[in-house]
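The values are calculated or read from the model by the stated rules, or taken from the named source; none is laboratory data. No experiment lies behind these values; they were computed from the predicted model shown. Note that we place each Cβ from the backbone using ideal geometry, even for glycine, and neighbour counts take in every protein chain shown. Accessible surface is based on the protein model in full, side chains and every heavy atom, while ligands, DNA and RNA are left aside. Shrake-Rupley method; radii C 1.70, N 1.55, O 1.52, S 1.80 Å.
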Amino acid sequence: MIAETVCSAVSAAGLGIAVVTAYRRRFLAAARVAAYSLVPVGLVMTGVVGWIAGTAFSPTAWAGFGVLGVAWLLFATTRAVERRRGGSRAERRAAKTPARQDPVAPTASAPSLGPGARPAARPAAAPRATGSAEDFSDIEAILKKHGI
């Protein structure tokens, strides 16, 4: 009975905040607040709150949560140990057996990394008559410095 009253009060307060938010012309935020505030009433109406209240005070339920916790702890521990060792037993056994693999396929041809043919150099364009050679002297110095 008290849980239903608390959930109703929380929902009423949330709807009031949603109204104030909508009054400030923030309709998207107001709709989100209204949605969150209707959840407690929905939980009361479906009976989930009663089920949770019955579960919270049941020693059998807490023992079940303890068993689930131990199972999860065992699972997490075994996964951590497996990762540290490098896989499952079958994977470790397969890794221990030497695999016969040639570094190069038997039908591979010799590498063809001979001297490559460079494309023919294009003739340099004639310098423009509008600019003087002094304008490009600093650029030429930089290019010569870098070997270009």
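For Pro40, indicate whether it is surrounded by 13 or more Cβ atoms within 10 Å (Cβ to Cβ) and of a type outside the set (A, V, I, L, M). Reasoning before the result, please.
Details: surrounded by 13 or more Cβ atoms within 10 Å (Cβ to Cβ): yes; of a type outside the set (A, V, I, L, M): yes.
Taking the combined requirement at face value, the residue satisfies it.
Could you check Thr46 against (1) more than 30 Å from Val20 (Cβ to Cβ); (2) open to solvent by 60 Å² or more (accessible area, probe 1.4 Å); (3) at pLDDT 75 or above; (4) within 37 Å of the chain's Cα centre (by Cα) and say which number it fails?
So Thr46 meets the others, but not (1).
From the list Ala18, Ala61, Ala22, Ala53, pick out the single residue that is touching a Lys or Arg at 6+ places or on another chain (Cβ under 9 Å) and open to solvent by less than 50 Å² (accessible area, probe 1.4 Å). Show your work before the answer.
Working: Ala61 fails: touching a Lys or Arg at 6+ places or on another chain (Cβ under 9 Å); Ala22 fails: touching a Lys or Arg at 6+ places or on another chain (Cβ under 9 Å); Ala53 fails: touching a Lys or Arg at 6+ places or on another chain (Cβ under 9 Å).
That would be Ala18, the only listed residue that is touching a Lys or Arg at 6+ places or on another chain (Cβ under 9 Å) and open to solvent by less than 50 Å² (accessible area, probe 1.4 Å).
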